[in-house]
Amino acid sequence: MKCEKAQQNIVLVTYGELPDEQMASLEEHLAGCEACSGELKAQLAMHEALACHPLIDPSPNLLASARMRLDEALDTIPPHGVLTRLRSNLFGWLGHMQGAPALQTPNPQVVQVTYNRVVPETVQGSLDDPQIRQLLMIATKTPATNAVRTDSVALLANECRTGHQCAGEPDGAGIRSALLVSLRYDKNPNVRLNALEGLQPYVAEDHKVRDAVLEALMHDTSPQVRTRAISLLQPVESDSSVRQVMRTVSTTDENPYIRNVSTHALAGTADIQ
């Protein structure tokens, strides 16, 4: 066995995937090759070190933003022709049917197929109910209709504005984190406006919220969102990062009203450096 093949087999060994019939030839090669033997020891040591660290799951916010970015990327793909869509639908249907468990009945001409049905359910409760809150947060992160996302974010934003359980959570699973995701990634400007309303009470105390609002002021495509972002930043206009963004916006924003408001905000705090 040559070293190139041995190196490939070493990788399989470390993952427990090398067939037994190839193990003998690898061991024979390792007995006479110091370089490959050292490589195996290094690989095993690395896996032992990695096993000492717990596997960390991605945060809900990361998954949500990844899904939204994937949706945006898919939207840029040109639509397929009619024949391609028909073929995809046909093979998808066949694949679904093949995946369904089938049972031969006493009658050889009859086959019993068992399948699952998705049945809508209705849950009713107050916004203090953890299940209701969780369902609303899920609705903000799924490709539902604009109306569903807008209403869900508006309800969650109201919870934050009234101070009900809207603390920032380290794992990114709270309402405030869900609003930050909606502000940064949702395509609907009404959803982003609602998210801003819910984040308003936390601009001064939470740097993550302040940074997200500054990002919206700099890059959001909606003039309404950028205008609302300026008003949210009024309590922290003396902050150096806020003033820096205001300077940029006062000369580069395409909207004259936003440029004018930014200029006035800078003039009002000109003596604060």
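Quick notes on this one:
- For the stretch 138-260, size of Cβ-based charge dipole, Lys and Arg +1, Asp and Glu -1, in debye: 240
- Two-decimal log10 I(q)/I(0) for the stretch 189-242, as the Debye equation yields it once each C-alpha is a single scatterer, q = 0.20, 0.22 Å⁻¹: -0.60, -0.73
- Peptides 235-241, 186-192 ordered by average Cβ neighbours within 10 Å, highest first: 186-192, 235-241
- Tail fraction, Cα-Cα pairs, the stretch 168-273, threshold 16 Å, whole percent: 53
- Carbon and sulfur %, accessible surface of the stretch 3-55 computed with the full protein complex present, 1.4 Å: 57
- Distance between the pseudo-spin-label points of THR248 and ILE132 (7 Å out from Cα toward the beta carbon): 4.1 nm.
- What the stretch 131-273 shows is 48 Å² of accessible area per residue, with the surface traced by a 1.4 Å probe over protein heavy atoms.
- The residues of the stretch 1-53 expose, per residue, 72 Å² of accessible area to a 1.4 Å probe.
- Considering only ILE138, VAL249, THR162, and ranking their Cα positions along the charge dipole of the stretch 129-252 that arises from unit charges at the beta-carbon of Lys, Arg, Asp and Glu, the one farthest toward the positive end is VAL249.
The values are calculated or read from the model by the stated rules, or taken from the named source; none is laboratory data. These numbers were taken from a predicted model, which means no experiment stands behind them. A quick note on method: Cβ atoms are made from the backbone with ideal geometry, for glycine too, and the neighbour counts reach across all protein chains shown. Remember, those area values only see protein heavy atoms, side chains included, never the ligands or the DNA or RNA. Shrake-Rupley method; radii C 1.70, N 1.55, O 1.52, S 1.80 Å.
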